[in-house]
Amino acid sequence: MPVTYIQAINQAMQEEMARDENVMLLGEDVGILGGAFKASEGLLERFGSERVLDTPISETLIVGAGVGLAIQGMRPILEMQFIDFIACGFDQIVNMAATLRYRHGGQTSCPIVIRGPCGAGVHGGLYHSQNPEAWFFHMPGLKVVAPATAHDAKGLLKAAIRDDDPVIYLEHKFLYRRIKEDLPEGDHVVPIGKAALRKEGGDLTVITYGSPVHAVMKAARDMASEVDIEVIDLRTLLPYDWKTIRESVTKTG
C-alpha cells in the first residue's frame, strides 16, 4: 500500500519506539495534537505520556532537555514545530550537542535527532518557510540529512534515531502529502552518508537534495532529447558522499 512522506516519518518513529524503549519524542503539540502536521499522530496513545512529551514553546528548552536525556542513556527525538525556530536552540545544538563527544574524550555521546518541517511552497510566510541547513554544515559533530522520498524519509529517520551522534533531520513540508510510494517490508534503514543515483546520464551531473529532486528529475526527463543528465540525490548533507559525486563528475566531465 502506498505511503505518503509524512506517514513514512510516523512509521519510522512508531517502529523505533517499539524496538527501543529508550527512544522518546519531545516537542510542541507532539502528544495530544499529534503534531502540527500530524507526524506524531497515535504515538501518545501507544507509548504514553512518559515517552511522548508536550513541551512549552521553547526550542532552547527542547534541545537542552534532549541533550540531558541523551547523556542519561535515552534517544530523544526533538521536534521543531517549524525548522525556522531551530535558531532559538542554536547554542544548545552547536555548543552542547555537537561537542559533547569531544569534550568528554569519546566517553559519552549525544544520540539525539532534531527533526522538523522546512522549505517553502506551501504559503507558510517568512517564519515558516526557511531552509537553515547551511548554518550547520561547518560544525564538527553534527550530521544533517534531507530525504526527498517516502522511502528515504523512513529509512533515514530510523538510521538517525540509531546514530550515536546528533542528527538534524530536515523534512520538506511541500512533500508531506504530495508524494507516496510502496515501502519495503521489514526493518527498512537507509545509511547516513550515502547519496542516491536517481538517474544515470553521460553529459551533465546535477547534484540536489530534498524537494528539488523532483523538479530536477522532471527537467531531466523533459530535456532528454537534448542532454543526457545524471541526477544525484545527496540525501545526507553532512557528511557528504564525495565518492559518488567524484565518480559522476569524472564520467560526465
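Give me Met1, Met139 ranked fewest to most by other Cβ atoms within 10 Å of their Cβ, as a rough exposure proxy.
Met1, Met139
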Item to check | C-alpha long axis of helix 242-252 to longest principal axis of the chain, angle in ° | outcome: 10
Next on the checklist: Taking a ≥ b ≥ c as the square roots of the Cα gyration tensor eigenvalues, with a/c under 1.5 meaning rounded and otherwise prolate when a/b beats b/c, else oblate, which class fits the range 191-253?
Outcome noted: oblate
Item to check | Under 5 Å, built H, 5+ apart or other chain: amide partners of Ser109 | outcome: none
Next on the checklist: Rounded, prolate or oblate for the range 151-193? Axes are the square roots of the Cα gyration tensor eigenvalues, ordered a ≥ b ≥ c, and the cut-off for rounded is a/c under 1.5.
Outcome noted: oblate
Next on the checklist: If you build the convex hull over the alpha carbons only and average its shadow over all orientations, what do you get for the range 110-234? Give it in nm² to one decimal.
Outcome noted: 9.1
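Beta carbons within 10 angstrom, averaged per residue: use that to sort the peptides 69-75, 174-180, highest first.
174-180, 69-75
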Item to check | From phi via Karplus (6.51, -1.76, 1.60), per-residue ³J(HN,Hα) for the range 32-38 in Hz, x at Gly/Pro | outcome: 4, 6, x, x, 4, 10, 6
Next on the checklist: With +1 on the Cβ of every Lys and Arg and -1 on the Cβ of every Asp and Glu, and nothing else charged, how large is the dipole of the chain about its Cα centre, in debye rounded to the nearest 20?
Outcome noted: 260
Checklist entry - Could you give the nm distance between label points at Asp222 and Glu50, where each point is 7 Å from its Cα heading toward the beta carbon? => result 5.5
Checklist outcome for this item: If one compares the long axis through the Cα atoms of helix 212-222 with the longest principal axis of the Cα atoms of the chain, the angle in degrees, nearest 10, works out at 20
Next on the checklist: Need the C-alpha centroid separation for the range 58-111 versus the range 163-214, integer Å.
Outcome noted: 24
Next on the checklist: Between 0 and 90 degrees, rounded to the nearest ten: what's the tilt of helix 5-19 against the longest Cα principal axis of the chain?
Outcome noted: 50
Checklist entry - Setting aside same-chain residues fewer than 8 positions from Lys180, which lysines have a Cα under 21 Å from its Cα? => result Lys38, Lys154, Lys158, Lys199, Lys218
Item to check | Radius of gyration and maximum dimension Dmax of the range 3-181, Cα, Å | outcome: 14.9, 46
Next on the checklist: Could you work out the relative contact order of the range 84-226? I mean the mean sequence separation of Cα pairs under 8 Å and 6+ apart, divided by the number of residues, in percent.
Outcome noted: 25
Checklist entry - Using θ = phi - 60° and the Karplus curve 6.51 cos²θ - 1.76 cosθ + 1.60, what whole-Hz ³J(HN,Hα) does each residue of the range 69-83 get, with Gly and Pro shown as x? => result 5, 5, 4, 8, x, 8, 10, x, 9, 10, 8, 8, 4, 9, 5
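Bear in mind these aren't lab numbers, they're just calculated from the coordinates by the rules spelled out. Predicted model, so just to flag it, every value in this text is computed and none were measured. In this analysis, Cβ positions are derived from the backbone assuming ideal geometry, glycine residues included, and neighbour counts consider all displayed protein chains.
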